[in-house]
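Right, one structure below, let's go through it.
The values are calculated or read from the model by the stated rules, or taken from the named source; none is laboratory data. Since the structure is predicted, the reported quantities are computational estimates derived from the model, not experimental observations. With ideal geometry, Cβ positions are generated from the backbone for all residues, glycine too; neighbour counts draw on all protein chains shown. All accessible areas refer to the heavy atoms of the entire protein, side chains included, with ligands and DNA or RNA removed. Shrake-Rupley method; radii C 1.70, N 1.55, O 1.52, S 1.80 Å.
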Amino acid sequence: MIIRPATLSDLESLLTIYETARQFMRESGNLNQWTGGYPPASLVTQDIQNGNSFVCEEDGQILGVFCYFDGPDPTYDYIEGAWLNDRPYGVIHRIAVAAHRRGVAAACYDWALTRCDDLRIDTHADNRPMQRSLQKYGFTPCGTIYLANGDPRIAYQKSNE
C-alpha cells in the first residue's frame, strides 16, 4: 500500500468511500456520527486544496482516505482528562476505509507516525470499530474533547517515546 496526497480527480472516489463508511457506521450501531452527509464535498475539497487529504492506495485502487496535519488543533486545546504529553503532535481526522479492508487504518497510522512522534485522533463514543482499531494499534484513551458545536468525542494519543 502506498499513501499519497489526494487530488481533486480523486474526489468522487473519496466521497464514495465516505458514503460507504457512513453506511458501515449505521450498520454497526453508530447512528449519531457523520450525519447529514458529513463530511461534505466542500470540506473534502478544502482538505485536498490545503494539502491535508491523503489516500491509501493499492494497485491503483483507493482503499482509504484521511486528513492529516501537524498540530496544534484548537479542538484539542481543552480536554476533560489529560494528554500523554505536551509535545508537538500530528492529527488525523476523517479517516475512512473502503468496504471492510483490513490493514488500511494501520497503514495510515504508520504513515502519520513517520511524520511525528505523537499522534492525536478522536472518535465518537458510538464508533466501537474505530475505538477497537485505535486501541489495537496502541493508542491511549486520554479523555473527552468537544467539537466546535459542543459534541463530545473520545480523545486518543499515540506517542513514539
What's the number of the condition Gly90 fails, among (1) closer than 28 Å to Glu19 by Cβ; (2) surrounded by fewer than 19 Cβ atoms within 10 Å (Cβ to Cβ); (3) free of Cβ contacts under 8 Å to residues at least 40 places away in the same chain? (2)
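Yes or no, residue by residue, for (1) at pLDDT below 95; (2) surrounded by 15 or more Cβ atoms within 10 Å (Cβ to Cβ):
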residue	(1), (2)
Ser28	yes, no
Asn32	yes, no
Tyr38	no, no
Thr45	no, yes
Ile48	no, yes
Gly51	no, no
Val55	no, yes
Gly60	yes, no
Cys67	no, yes
Mind listing whichever residues of the stretch 1-20 are aliphatic (A, V, I, L, M) and at pLDDT 95 or above? Ile2, Ile3, Ala6, Leu8, Leu11, Leu14, Leu15, Ile17
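Residue by residue, here is whether (1) closer than 19 Å to Tyr146 by Cβ; (2) in contact (Cβ under 8 Å) with a residue 24 or more places away in the chain; (3) of a type in the set (Asp, Glu); (4) touching a Cys at 6+ places or on another chain (Cβ under 6 Å) holds:
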| position | (1), (2), (3), (4) |
| --- | --- |
| Asp73 | yes, yes, yes, no |
| Asn85 | no, yes, no, no |
| Arg94 | yes, yes, no, yes |
| Arg102 | no, no, no, no |
| Ala107 | no, yes, no, yes |
| Arg115 | no, yes, no, no |
| Asp118 | no, yes, yes, no |
Residue count for the stretch 5-15, restricted to those that are open to solvent by less than 80 Å² (accessible area, probe 1.4 Å) and free of Cβ contacts under 8 Å to residues at least 12 places away in the same chain: 0
Take the stretch 124-155 and flag every residue that is open to solvent by 40 Å² or more (accessible area, probe 1.4 Å) and either in contact with a His (Cβ under 6 Å, 6 or more places away or on another chain) or assigned to a helix (DSSP H, G or I) (or both). Arg128, Arg132, Gln135, Lys136, Tyr137
